[in-house]
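The block underneath contains the structure these notes are about, expressed in structure tokens.
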Amino acid sequence: MPVAQAFPVLVAPIFIANLMLIAHTLAAVQAHGLSRLEAQRLLLHALGRADHDRAWLLSHDGDTVPADAQYRLGALVQRYQKGEPMGYLLGYQAFYGLDLMVDARVLVPRPDTEPLVDWALELLEPLANAQVVDLGTGSGAIALALKSTQPKLQVLAVDASADALAVARANAERLGLHMDFVQTSWLEGITGPWDVIVSNPPYIADQDHHLATLTHEPLTALASGADGLDDVRSIIAQSTSRLKAGGWLLLEHGYDQAPAVRTLMQDAGFSHVQSRQDLAGIARCTGGQWPTALSPR
Ligand code: GLN
């Protein structure tokens with residue numbers, strides 16, 4: 001049977017018994033627009049096997065895919081075609097070497113955010129009893145990456161969404177990482193002072209056409225006013241009174257927002273304001289230091 005014809009079997013509401021071998025199943029899924037890797041990951045998930053079992057798939061490509069797994073795979077492919085992120089389909093996402101449980105309550109952590117974690121770790125590493133807060137923690141990605149790399153850190157994970165905090169707590173528990181959690185809007189009610197305040201806030205402009213492709217993730221984690229900088233402005237304004245002298249604020253932002261965020265930080269009185277690139281070479285995060293008493297403003 002030609003591959004493209006084979007696929008309706010996968011998505012038929014009533015399963016039609018058919019001998020689908022692993023090799024044919026993967027080809028059928030790829031024929032519907034998924035990469036080979038995505039097809040392999042979804043098939044492994046439908047088979048109840050671990051994500052790292054791709055070698056098993058290769059060595060069993062002549063095995064028949066059981067009917068129930070075909071049916072589950074068909075449902076996953078349909079969700080993929082409607083734009084659901086792979087993280088939601090699989091139920092977890094790798095970030096900074098951690099497997100994080102994710103679902104529609106939280107933004108799926110992106111590799112773009114990993115350089116922000118590196119930057120925070122560089123700043124925190126030399127400090128004794130360092131204290132860091134992650135604002136808008138979502139799945140807990142940044143906070144957990146920091147804590148897992150530097151176990152002595154005192155980490156507070158903040159989110160305005162009780163749903164998101166439930167996911168972050170569950171991830172912390174699963175990973176055996178201890179940190180504190182607070183439900184509030186950015187730094188409201190939180191005093192500190194902190195060595196580092198880090199955040200990947202919502203930063204997409206309300207009218208940005210990218211939002212149309214991100215319909216499955218919480219809008220509150222993505223969009224932030226006419227220029228996308230409403231939350232960045234709030235965080236910068238609140239951070240000035242919550243950082244230790246010499247402490248740093250580090251923010252992720254949109255691909256074209258680095259100059260605007262640098263200006264906002266400089267205007268608020270931060271020093272050493274600078275941006276760093278993500279893995280794709282885009283200036284993706286900006287940080288500034290709250291001056292020590294002796295530094296000139
Ligand atoms: N980087 C994400 C995207 O553009 C947005 C994340 C965010 O708003 N913090 O898909």
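The values are calculated or read from the model by the stated rules, or taken from the named source; none is laboratory data. Just so you know, these numbers come straight off a predicted model, no measurement behind them. We place every Cβ from the backbone using ideal geometry, glycine too, and count neighbours over all the protein chains shown. These area figures cover heavy atoms from the full protein model, side chains too; ligands, DNA and RNA do not enter into them. Shrake-Rupley method; radii C 1.70, N 1.55, O 1.52, S 1.80 Å.
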Original post:
Which one is nearest to ALA260 (Cα to Cα), of the residues in segment 233-244 that are among the β-branched types (Val, Ile, Thr) and either open to solvent by less than 30 Å² (accessible area, probe 1.4 Å) or within 16 Å of the ligand (Cβ to nearest atom) (or both)?
Top reply: ILE236
**OP:** Output yes when any residue across segment 174-188 is among the aliphatic types (A, V, I, L, M) and part of a helix (DSSP H, G or I), and no when none is.
**Re:** yes
**OP:** Select, from PRO291, PRO259, the only residue that is away from the ligand (no atom under 15 Å from the Cβ), part of a loop (DSSP other than H, G, I, E, B) and of a type outside the set (Gly, Ala, Ser).
**Re:** PRO291
Original post:
Are any residues in segment 107-135 within 22 Å of THR215 (Cβ to Cβ) and either open to solvent by less than 30 Å² (accessible area, probe 1.4 Å) or in a helix (DSSP H, G or I) (or both), and if so, which ones?
Top reply: VAL108, PRO109, PRO111, ASP112, THR113
**OP:** Identify all residues within segment 117-139 that are more than 12 Å from the ligand (Cβ to nearest atom), among the aliphatic types (A, V, I, L, M) and touching a residue at least 12 places away in the same chain (Cβ under 8 Å); write none if there are none.
**Re:** VAL117, ALA120, LEU121, LEU123, LEU124, LEU127, ALA130, VAL132, VAL133
Original post:
Counting only residues that are over 18 Å from THR149 (Cβ atoms) and hydrophobic (A, V, I, L, M, F, W, C), which one in segment 171-196 is farthest from the chain's Cα centre (by Cα)?
Top reply: ILE190
**OP:** Restrict the check to segment 101-116 and report whether at least one residue is closer than 15 Å to ALA172 by Cβ, away from the ligand (no atom under 15 Å from the Cβ) and not basic (Lys, Arg).
**Re:** yes
**OP:** Would you point out the residue of segment 269-297, among those that are among the small types (Gly, Ala, Ser) and within 20 Å of TRP194 (Cβ to Cβ), that is modelled with the lowest pLDDT?
**Re:** SER295
Original post:
Name the residues in segment 203-232 that are free of Cβ contacts under 8 Å to residues at least 60 places away in the same chain and open to solvent by 50 Å² or more (accessible area, probe 1.4 Å), would you?
Top reply: ASP206, GLN207, HIS209, HIS210, ALA212, LEU219, ALA226, ASP227, ASP230
Subject >> Residue satisfying condition, being crowded, with 19+ Cβ neighbours inside 10 Å, hydroxyl-bearing (Ser, Thr, Tyr), more than 14 Å from ALA143 (Cα to Cα) and over 14 Å from the mean Cα position of the chain (by Cα), within set TYR80, TYR92 >> reply: TYR80
Original post:
Taking segment 181-198 on its own, how many of its residues are in contact with a Phe, Trp or Tyr (Cβ under 8 Å, 6 or more places away or on another chain) and among the polar types (S, T, N, Q)?
Top reply: 0
Original post:
What residue, of GLN266, GLN257, is modelled with pLDDT of 95 or more and open to solvent by 40 Å² or more (accessible area, probe 1.4 Å)?
Top reply: GLN266
Original post:
Of all residues in segment 171-223 being at pLDDT below 95 and of a type in the set (Ser, Thr, Tyr), which is nearest to the ligand (Cβ to nearest atom)?
Top reply: THR213
